[in-house]
Amino acid sequence: MFLLLKYTLLYAVVLMLVALGGMFSERSGVINIALEGIMAIGGLAGILVLSIFGGTLSPSSLVVLSILASALAGMIYSLLLGFSAITLKADQTIGGTALNMLATAAAVVIVKAYNNAAGGGNGSASSKLSYSNNAFIFTAGPLTYNIFLIIGIVLLIVSYVFLYKTKYGLRLRSCGEHPQAADSVGINVYKWRYAGVMISGFLGGLGGFAYIVPSVSIWNFEVGVTGFGFLALAVMIFGQWKPFRIAAAAVFFAIFKSLANIADATALSNLHLSQNIYNMMPFIASMIILALTSKNSQAPKAEGIPYDKGAR
Amino acid sequence: MGNNDYIIEMLNITKEFPGIKANDNVTLQLKKGEIHALLGENGAGKSTLMSILFGLYQPTSGMIKKNGKEVKINNPNDANALNIGMVHQHFKLVECFSVLDNIILGIEPTKGLFLSKKGARDKVVALSDKYGLKVDPDAIISDITVGMQQRTEILKMLYRDNEILIFDEPTAVLTPQEIEELMKIMKNLAKEGKSILFITHKLNEIMETADRCTILRKGKYIGTVDIKDTTKEELSKMMVGRNVNFKVDKQPAKPTETVLKIENMTVPSKMHKNNAVKNVSFNVRRGEIVCIAGIDGNGQTEFVHALTGLEKMTEGKIFFDGADITNASIRERSKSGISHIPEDRHKHGLVLDYTLEQNMVLQRYWDTEFQKGGFIKQGAVRAFAERLIDQYDVRSGQGPITIARSMSGGNQQKAIIAREIDKNPDLLVAVQPTRGLDVGAIEYIHSQLVAQRDKGKAVLLVSLELDEVMNVSDRILVMYEGEIVGQLYPDKTTVEELGLYMAGAKKDVVPAEMNS
Amino acid sequence: MKKKKVDLSSGALSVLASLICIAVGLIVGLIILYCINAEQAIDGFTRIVKGGFYLMPKGLGSVLAQTAPLIMTGLSVAFAFKTGLFNIGAAGQYTLGALGALYFALVLHAPWWLCLIAAMLFGAVWGAIPGLFKAYFNVNEVITAIMFNWIGLYAVNEIIYKGTIGDMYDMKTTKTYTIRSVSAGSVIPDLGLNSVFNTKSTTIAIFIAIAIAIIVYIVINKTTFGYELKACGHNKDAAKYAGINDKKNIVLSMTIAGALSGIGAGLYYLSGVAEWNPQVSTALPAMGFNGIPVALLALSNPIGVIFAALFVSHITVGGGYLPTKYFQPEIADVIIAVIIYLCAFVMLFKGFVVNMIASKRKNAADANAEKKTNDGKGAA
């Protein structure tokens, strides 16, 4: 039971962070299918920092540095999506798909090259990196938590306040709903869409790191982030593009994902449901919800449509 | 008159788009506190000129002055800084935001990092009281009427302390009561010192509200007149460049048997919760042109969609040639002899990325004339397209293989008309078939409609243009708020009377059987 | 005369756009090689560019073996594009196709052509689902396809690993049994190609794929069905106005797209190129996603898909020849990903140029028409 709770919290935070990221991008009008790739790049950046500075920096500065690195890497990577989708008005889904493929391939190339260099060019072709995650984890009561839980809760509240209580949130939302209206009152739609995409890169990169680091101490980059980015996309839809609903959806999805993880090791194995079944469930659940709610979907009206100032 | 009497001057404005001159040396001078109408037909360049003033386009040449000083307006922000505001034809409102959020968007009042809406709310309430702009600041845009949405747009300008207010065809979407109220509001605003530019092509509205009027025709400046010194006839002459009188050359109709019979048709609206078409019944006979007249948005579109099968009706029946086609599919209706020239040729009428010949068979590609065993007979399609192109004089760059998108609007419309008439239908439904076309094309299309009638076919014309209604039809049914409110005959009525019906000022109890 | 010239320039532009994408992708690859190891970069680059020709005849044989399934997933994506749908679900449909092929081969020992049909049907079902969701619930096909990619992957892994519907999983290799050893008749015949290329998995799959590409070309361009599909893709409202049932067409289009992906998996596994590994397969098969660059490079032209697929497998195989002492074979994947990224907007550039030509033409035609109208009036 503790194990279930532990994994649920871990996964819920990741899904929530990344889904919030997707929310910011889509609320500004850009479909972000590249979350999976952004997570992989963010995770890679954070872990490279851990691996490179592991022995030289103090644990606390290492934590701060690696987290910042992951978020920044995600943000920079998301600029590629912004450039193609906003500046060049290209198809957002195709651009996003390309970035997902690029992220996995690039991560593997980088890790292998890094390992090869570390091994003195011995031809090591391992796509795995190992690291220590002790500094990220602390214990309170019977449970161990990781630092991302706190970061996640803070960012959830910040996201909500930003979106609904500041003028920036109002402007960002207007760009995703009716960019012509935003433009007519002097709001720079391109700028706000870039902002949305970059926030999503920030949260996605952070989420990628939060997914990899706390649970294991070695990661094989060949698997990217095992579809978590796509699951976050489902969480975002399930949460109807609203912060607290996303948080709730993330918990719901995380329960299934945790069940998959512990299915074989606990009393649950008596049910003879393997992890594959649990893994499938959140996806099936989101399809059912999608089918039921499609009539009154809260999706931003202008998402996916490139904004062209000249066309009216 | 000194220059400083003018709050805004647009001098010798020319705007070229690739291939067209939308504005050609146009001058417009707006006095402080006046209502200045900008009159012109569709495509005369009114909206372009206003977009230049609002900073959406930059003029190719010419100069804009405010209070006698030259200004550059590069974007809506600049316009706003010069206190110029605009109510766009298609409202620029975020549907899921509240009225207040829409008003403050772009100039949000904040306290520290956060929004602080209280002061703004008070200001909005004060403004709506002062100018009689009734609207609830906390209502969500998608829940309120079009009239209220327009008032939100006006409040948006007033909230920004705009002095120069541009209204782009503001009455097109309103009910008569709402129009009346808007006129009152505009006069009120002018009285309070606001200067108003009012784009329209409705003469009555100009006569009622405007102080002066500038007329454009085909992008060119025709003149500016004082309303008190002019008449509707004079304005109309300046607008169209000749006396409005496209008398269509036709004999009196000789209607025979009924071909279309509509009983109690009711169609729900997609825009609002009411029905768009309410309990409509009438007949159309062979050998007559029946015209459904009315102001845009009174249920004509939904009516035609229900008749042709594009939308479902909730009540009533349709009989065609005696058969009940109420539940027939679009294809079945088309096969049974109904042709449809759609309102929006780009949305429904053509596949713009298809070639002309592919579009010519859009309603008939499945016919054994054009396919065998599922394979398209390319030769037959080509020959057919070439015949239609020749017969109906459809002009294009590359003949049958021209991509439809690259053709001019008039020729696109001719292609659709050729396709629909060549089907030899018993009933031709033509919805605004001349919209946006030049005079030559209009005359051609009108003569085609009459030719169909004279061949003993029934024609159901839906039109917003009074001249077209009066000149082409044999019988007029006026549609107002989804109901048929009157049956008129062009030779026994006047434009004025027709206008009264269209504006809902006059209403007959029309018998269900309207045969003669 | 005039007409021919324009067609040519438009076609030439398309090819040019694709070539630009490829060139930039390769340059990025070269830069990466330089960053990793400057000395060996040129050698590495040559190996990638030479692709299958680097190791004749074996290399060419494996290029052909890889191309066959890639043509199919490319066709799958291209076919859906024609109806205005983005089939990101090719990977999931391919996964289901693999299950169909393996089940019929390993459990039922069916002849190869029957296995191929099974693969097709399994893929078709998985393609139909996003179509149904789009048509009847108005859910974006991209979202549905992504969800069903994962559902499909987990389901197939579960079925194969647990042996729910029959014994397919070999504990020793942690993969499915090799078809050749279990049911030789289920392997697609090679008609001597294997001995020509000195390989084990170069079968007539490539010819089947090319034949299907030609059939797809005919269906899209010469039939009323293709006419309807394209009409729906270009303008849904006009298609509806023409009495075309757009919902039916969306479902059909996705079903056929799924069938094509399914056949792709059949061609791959029934040729014995590799075995399915339900344990490590936590990632979706790349073959499915690689259909996207193939379709984009080919501008959704089924014949173009053949060449685009050849190119993509050419450099993938070339990447495999990189000396692992210095480089990583995934550099080829990076190049492909860069190419899709570029395709997303280079094609827009091409569309822009074509529109320019079109609008010039239109103005000329308008001017002409106007002149003629005036002439006509003068005469009257």
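The values are calculated or read from the model by the stated rules, or taken from the named source; none is laboratory data. Owing to the predicted nature of the structure, the values given are computational and were not obtained by experimental measurement. Here the Cβ is made from the backbone with ideal geometry for all residues, glycine too, and neighbour counts use every protein chain on show. Quick note on the areas: whole protein, heavy atoms, side chains included, nothing else; ligands and nucleic acids left out. Shrake-Rupley method; radii C 1.70, N 1.55, O 1.52, S 1.80 Å.
Data for the structure
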quantity: Residue check for C:I204: under 22 Å from C:G89 (Cα atoms), more than 14 Å from chain B (Cβ to nearest Cβ) and either in contact with a helix residue (DSSP H, G or I) (Cβ under 9 Å, 6 or more places away or on another chain) or in contact (Cβ under 8 Å) with a residue 60 or more places away in the chain (or both); calculated: no
quantity: Hits in the range B:300-318 - residues which are touching a Ser or Thr at 6+ places or on another chain (Cβ under 8 Å) and more than 14 Å from chain C (Cβ to nearest Cβ); calculated: B:E302, B:M313, B:T314, B:E315, B:G316, B:K317, B:I318
quantity: Set A:L68, A:L62, A:L44: member being of a type in the set (A, V, I, L, M), open to solvent by 30 Å² or more (accessible area, probe 1.4 Å) and over 15 Å from A:A19 (Cα atoms); calculated: A:L68
quantity: Residue ranges of helices (runs of 4 or more DSSP H) in the range B:400-501 with at least 3 members open to solvent by less than 10 Å² (accessible area, probe 1.4 Å) and more than 22 Å from B:G299 (Cβ to Cβ); calculated: B:409-422, B:439-454
quantity: Residue satisfying condition, being surrounded by fewer than 17 Cβ atoms within 10 Å (Cβ to Cβ) and among the hydroxyl-bearing types (S, T, Y), within set B:S281, B:S336; calculated: B:S336
quantity: Any chance B:E288 is farther than 19 Å from B:E315 by Cα and open to solvent by 10 Å² or more (accessible area, probe 1.4 Å); calculated: no
quantity: Residue in the range B:19-30 that is buried (at least 22 other Cβ atoms within 10 Å of the Cβ), in contact with a strand residue (DSSP E or B) (Cβ under 8 Å, 6 or more places away or on another chain), at pLDDT below 90 and of a type outside the set (S, T, N, Q) present; calculated: yes
quantity: Any strands (runs of 3 or more DSSP E) falling wholly within the range B:4-57 and containing at least 2 residues that are in contact with a Pro (Cβ under 6 Å, 6 or more places away or on another chain); calculated: B:6-17
quantity: Residue list for the range B:405-430, restricted to those being closer than 29 Å to B:R453 by Cα, within 10 Å of another protein chain (Cβ to nearest Cβ) and in contact with a Leu (Cβ under 6 Å, 6 or more places away or on another chain); calculated: B:G410
quantity: Close pairs from the range B:79-94: first on the phi > 0 side of the Ramachandran plot, partner surrounded by fewer than 24 Cβ atoms within 10 Å (Cβ to Cβ) and in a loop (DSSP other than H, G, I, E, B), Cβ under 6 Å, at least 6 apart; calculated: B:N83/B:N162; B:N83/B:E163
quantity: Some residue of the range C:275-290 being in contact with a helix residue (DSSP H, G or I) (Cβ under 7 Å, 6 or more places away or on another chain), open to solvent by less than 40 Å² (accessible area, probe 1.4 Å) and at pLDDT 90 or above; calculated: no
quantity: Filter result for B:K92 (open to solvent by 10 Å² or more (accessible area, probe 1.4 Å) and in a loop (DSSP other than H, G, I, E, B)); calculated: yes
quantity: Lone unmet requirement of (1) open to solvent by 50 Å² or more (accessible area, probe 1.4 Å); (2) part of a helix (DSSP H, G or I); (3) more than 8 Å from chain C (Cβ to nearest Cβ) for B:D393; calculated: (2)
quantity: Elements of type helices (runs of 4 or more DSSP H) contained in the range C:89-173, each with 3 or more residues being more than 9 Å from chain A (Cβ to nearest Cβ), open to solvent by 10 Å² or more (accessible area, probe 1.4 Å) and not basic (K, R); calculated: C:112-137
quantity: Residue match in the range B:208-227 (condition: of a type in the set (A, V, I, L, M), more than 21 Å from the chain's Cα centre (by Cα) and open to solvent by 20 Å² or more (accessible area, probe 1.4 Å)); calculated: yes
quantity: Unique residue being assigned to a loop (DSSP other than H, G, I, E, B), away from chain B (no Cβ under 14 Å) and in contact with a Leu (Cβ under 9 Å, 6 or more places away or on another chain) when the list is C:F307, C:F345, C:F311, C:F327; calculated: C:F327
quantity: Positions within the range B:319-363 being at pLDDT 90 or above and of a type in the set (K, R), in sequence order; calculated: B:R331, B:R333, B:K335
quantity: Pair list, Cβ < 9 Å and 6+ apart or interchain, from the range A:170-186 residues that are at the interface with chain B (Cβ under 7 Å from one of its Cβ atoms) and at positive phi to residues that are open to solvent by 10 Å² or more (accessible area, probe 1.4 Å) and not in a helix (DSSP H, G or I); calculated: A:G186/B:N75; A:G186/B:G106; A:G186/B:I107
quantity: Candidates C:L267, C:L284, C:L296, filtered to the one that is hydrophobic (A, V, I, L, M, F, W, C) and part of a loop (DSSP other than H, G, I, E, B); calculated: C:L284
quantity: Qualifying position, being over 12 Å from the mean Cα position of the chain (by Cα), open to solvent by less than 30 Å² (accessible area, probe 1.4 Å) and touching a residue at least 12 places away in the same chain (Cβ under 8 Å), among A:I218, A:I237, A:I255; calculated: A:I237
quantity: Every residue from the range C:42-85 that is of a type in the set (A, V, I, L, M), buried (at least 24 other Cβ atoms within 10 Å of the Cβ) and more than 22 Å from C:T202 (Cβ to Cβ); calculated: C:V77, C:A78, C:A80, C:L85
quantity: Where a residue in the range B:184-211 is closer than 16 Å to B:V87 by Cα and its partner, wherever it lies, is open to solvent by 20 Å² or more (accessible area, probe 1.4 Å) and of a type in the set (K, R), with Cβ under 8 Å and at least six apart; calculated: B:I185/B:R151; B:S195/B:K31; B:S195/B:K32
quantity: Residues of the range B:299-333 that turn out to be open to solvent by less than 20 Å² (accessible area, probe 1.4 Å) and touching a residue at least 40 places away in the same chain (Cβ under 8 Å), as a count; calculated: 9
quantity: Qualifying positions in the range C:12-35 - open to solvent by less than 50 Å² (accessible area, probe 1.4 Å) and either farther than 23 Å from C:Y326 by Cβ or modelled with pLDDT under 85 (or both); calculated: C:L13, C:S14, C:A17, C:S18, C:C21, C:I22, C:A23
quantity: Some residue of the range A:97-118 being crowded, with 16+ Cβ neighbours inside 10 Å, free of Cβ contacts under 8 Å to residues at least 40 places away in the same chain and more than 9 Å from chain C (Cβ to nearest Cβ); calculated: yes
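Table: residues versus (1) of a type in the set (A, V, I, L, M, F, W, C); (2) outside any helix (DSSP H, G or I); (3) within 18 Å of B:P425 (Cα to Cα).
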position	(1), (2), (3)
B:D296	no, yes, no
B:F303	yes, no, no
B:M313	yes, yes, no
B:K317	no, yes, no
B:A328	yes, yes, yes
B:E332	no, no, yes
B:K335	no, no, yes
B:H346	no, no, no
B:L352	yes, yes, no
